[in-house]
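The values are calculated or read from the model by the stated rules, or taken from the named source; none is laboratory data. Just so it is clear, the model here is predicted, and its values are computed rather than measured. Here the Cβ is made from the backbone with ideal geometry for all residues, glycine too, and neighbour counts use every protein chain on show. Heavy atoms of the whole protein, side chains included, go into the accessibility calculation; ligands, DNA and RNA do not. Shrake-Rupley method; radii C 1.70, N 1.55, O 1.52, S 1.80 Å.
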Amino acid sequence: MRTIYIVLTLTLILTLAACGGKEVEEPMAETAAVAEPTAPAEEAAVPAPDNGSTNPISDIVPAGPAGSVQLKDGTILELTKFNKIGKYYIYISGNLNGRSSTVISLTRFQDVARWKTIMFKGKENFLILSKQGKELAFLNSYLYIGNDSGDTYSFYTTTRDLKVKLVEVKKDDVASININ
């Protein structure tokens, strides 16, 4: 019996001695020290969600217009760039394809650019077509673009004198939003 205790004790000591000399590497610490923040100063105060990573998610916005907004009277406004709501480009809350409640909040332009068109079938009903041909039908849903108003969307457009200007349009006046 003593022999078994001695063998177990020696095995435990050897195991601790072998593991005690190894250093734990933290690869994320090096990456975090090298990474530079890409968010504007006004967004730096917003805490990032804790998903276990210290790497910032890059948001690459291409040059040129982001899309166009077609009004029901036939007017087409160039969507020069999105006016973010905090950290979101687009925020949706409602019933997707007639199922339970769904929330979609897009924080990167690459995610918004996967959509082709948002077509409106009323103030709280709309259809999103993706560039891959998928349809997302939202009923009794709320879409927020550029502000948290229930009545308007806001975005930046280019005026005739080539100045970028923030505009607000009534949700009831919008027929579709096309995304480049």
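One residue stands out among those in the range 120-150 that are of a type in the set (Gly, Ala, Ser) and under 18 Å from residue 69 (Cα atoms): the one that is nearest to the chain's Cα centre (by Cα), which is 146.
Let's see how each residue does on (1) at pLDDT below 75; (2) among the basic types (Lys, Arg):
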residue: 35; (1), (2): yes, no
residue: 40; (1), (2): yes, no
residue: 58; (1), (2): no, no
residue: 65; (1), (2): no, no
residue: 88; (1), (2): no, no
residue: 116; (1), (2): no, yes
residue: 121; (1), (2): no, yes
residue: 127; (1), (2): no, no
residue: 133; (1), (2): no, no
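If you go through the range 63-77 and keep only what is open to solvent by less than 60 Å² (accessible area, probe 1.4 Å) and either closer than 17 Å to residue 171 by Cβ or free of Cβ contacts under 8 Å to residues at least 40 places away in the same chain (or both), you end up with 67, 68, 69, 71, 74, 75, 77. Within the range 124-159, the set of residues being assigned to a strand (DSSP E or B), surrounded by fewer than 16 Cβ atoms within 10 Å (Cβ to Cβ), free of Cβ contacts under 8 Å to residues at least 24 places away in the same chain and not aliphatic (A, V, I, L, M) comprises 130, 135. Scanning the range 91-101 finds one or more residues that are touching a residue at least 40 places away in the same chain (Cβ under 8 Å), of a type outside the set (Phe, Trp, Tyr) and under 23 Å from residue 60 (Cα atoms).
Of the residues making up the range 84-97, those that are surrounded by 16 or more Cβ atoms within 10 Å (Cβ to Cβ) and not in a strand (DSSP E or B) are 84, 87, 89.
Beta carbons closer than 8 Å, at least 6 apart along the sequence or on distinct chains, pair a first residue in the range 166-180 that is without any contact (Cβ under 8 Å) to a residue 40 or more places away in the chain with a second that is in a strand (DSSP E or B) for 168/152; 168/153; 168/154; 170/152.
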